[in-house]
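Everything on this sheet refers to the single structure shown next.
The values are calculated or read from the model by the stated rules, or taken from the named source; none is laboratory data. Computed from a prediction, not measured in an experiment: that's the story for all the values here. Here the Cβ positions follow ideal geometry from the backbone for every residue, glycine too, while neighbour counts run over all protein chains shown. Accessible surface areas use protein heavy atoms only, side chains included; no ligands, DNA or RNA. Shrake-Rupley method; radii C 1.70, N 1.55, O 1.52, S 1.80 Å.
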Amino acid sequence: MPKKHWRLTRYLFKEQLPYLGWAILIVIAAETLLPLLLALLTGRLSTFSWRSHLSGLGIGFIVGLFIFIIHLQTYDNFKLVIQNGISRRTYWLARFYNLLVMSFIGTIFTLINDFAIAAPAMRIDVFAQLARGPYEMYTKFFGDNVFMTVTIYLLFLWLFFITVGAFAMVLSNIMNLFTKTVQRVIAIVVPILAVFALGFVGSIAVGRQTSAAVIAFTNFLKLLLGYHQTLGLFNPYMPMLTMMVSSSLFLAIAYYFNRKLQLRN
């Protein structure tokens, strides 16, 4: 990696890592210390259970949300690097490298929470812990092989966080091409339209009349999910491949719009 890329990547990493740490600490405090304080104030300390609160911290969700939000922030750092004579390409590459590193660190935090905190608190094994979340569909694909199951779970999470961050980069680069007024309108209108669109699709999916298009779309989704008739035996390689293709596409689009960013007056 060229020295200029390394320096900018390190700057972004040093800027963002403390925020991730604080976000996780705040979640842990909110999920454990606040319920403990409430139990003390209400005289219900005897019913307080560290086990139940430590088992549901939701660190993976927090990491995904953090990566999405932090990669929506484009313009301030873009303005800083451009004013210091750093090219758009160097800035985009630094953001990409930083996304890879931050996503991997977030994945490690999630695995520590899942297997070193939540599973021991619940007194369950790796497979039972994974079955408590969306990855339940893939828990038995490798049978009882713990090493392969955890390794693929790590790669699955890492790819998921990368895809989330890449999608956020696309949104931020596109949004920053508009004025702040237009950005606010888009931020309000698009989520509303998305909710109506999901409701429309859902009403069609549960309707009595199922069209050939809906059946084809459902089968396509099953393919992307690695569908199997038995829950737990879904093929994790299919969604991983989907995320690899999607993240590559998102990054290419983000790079294209990154080249069009301009400093505002």
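Say the dipole of the chain comes from +1 at the beta carbon of Lys and Arg and -1 at that of Asp and Glu; which of Phe68, Leu80, Leu57 then lies farthest toward its positive end?
Looking along the dipole axis, the top candidate is Leu80.
Out of the total accessible area of the chain (probe 1.4 Å, heavy atoms of protein only), what percent is carbon and sulfur?
70 percent
Say a paramagnetic label sat at a point 7 Å from the Cα of Glu15, along Cα to Cβ; which residues of the range 83-121 have their backbone N under 20 Å from it?
The answer is 83-106, whose backbone nitrogens lie closer than 20 Å to the label point.
Can you compute the modelled spin-label distance between Val150 and Met122, with each label point 7 Å from Cα toward Cβ, in nm?
Going from the Val150 label point to the Met122 one covers 1.6 nm.
Would you mind calculating the gained length between Leu38 and Tyr237 on full extension (0.36 nm times residue separation, minus the Cα-Cα distance), in nm to one decimal?
67.2 nm
Under a 1.4 Å probe, what is the accessible area of the range 41-139 per residue, stated in Å²?
Numbers: 4890 Å² over 99 residues.
Spelled out: the 1.4 Å probe surface of the range 41-139, per residue, equals 49 Å².
Compute the Cα gyration tensor for the range 120-190, then decide on rounded, prolate or oblate, letting a ≥ b ≥ c be the square roots of its eigenvalues: rounded whenever a/c is under 1.5, prolate when a/b is larger than b/c in the other cases, and oblate in all that remain.
Verdict is prolate for the range 120-190.
For Lys4, list the aspartates and glutamates whose Cα falls under 20 Å from its own Cα; do not include residues on the same chain fewer than 8 positions away.
Glu15, Asp76
How many nm separate the modelled label positions at Phe104 and Glu136, each set 7 Å beyond the Cα in the direction of the Cβ?
The two pseudo-label positions are separated by 3.2 nm.
Rounded to the nearest 20 debye, what is the charge dipole size of the chain about its Cα centre when +1 sits on each Lys and Arg Cβ and -1 on each Asp and Glu Cβ?
On the way: 21 positive and 7 negative charges, 214 e Å.
In debye, rounded to 20, the chain gives about 1020.
Give a quick list of chymotrypsin sites (Phe, Trp or Tyr not before Pro) in the range 23-105 that DSSP marks as loop, anything other than H, G, I, E or B, with at most 10 other Cβ atoms within 10 Å.
Values: sites: Phe48, Trp50, Phe61, Phe66, Phe68, Tyr75, Phe78, Tyr91, Trp92, Phe96, Tyr97, Phe104; in loops: Phe48.
Passing both the DSSP loop test and the Cβ count: no residue.
What shape does the chain have by the C-alpha gyration tensor, where a ≥ b ≥ c are the square roots of the eigenvalues, rounded means a/c under 1.5, and otherwise prolate means a/b greater than b/c and oblate the rest?
Cα axes put the chain in the oblate bin.
Too long at a 24 Å Cα-Cα cut-off: which of Lys79/Lys180; Lys3/Lys180; Lys14/Lys180?
Numbers: Lys79/Lys180 16 Å; Lys3/Lys180 35 Å; Lys14/Lys180 28 Å.
Correct reply: Lys3/Lys180; Lys14/Lys180.
Going by the alpha-carbon gyration tensor, a ≥ b ≥ c the square roots of its eigenvalues, is the range 36-183 rounded (a/c under 1.5) or, if a/c is not under 1.5, prolate (a/b greater than b/c) versus oblate?
Oblate.
If a paramagnetic tag sat 7 Å from the Cα of Lys180 along the Cα-Cβ line, which residues of the range 243-265 would have the backbone N under 18 Å from that point?
Answer for the range 243-265: 262-265.
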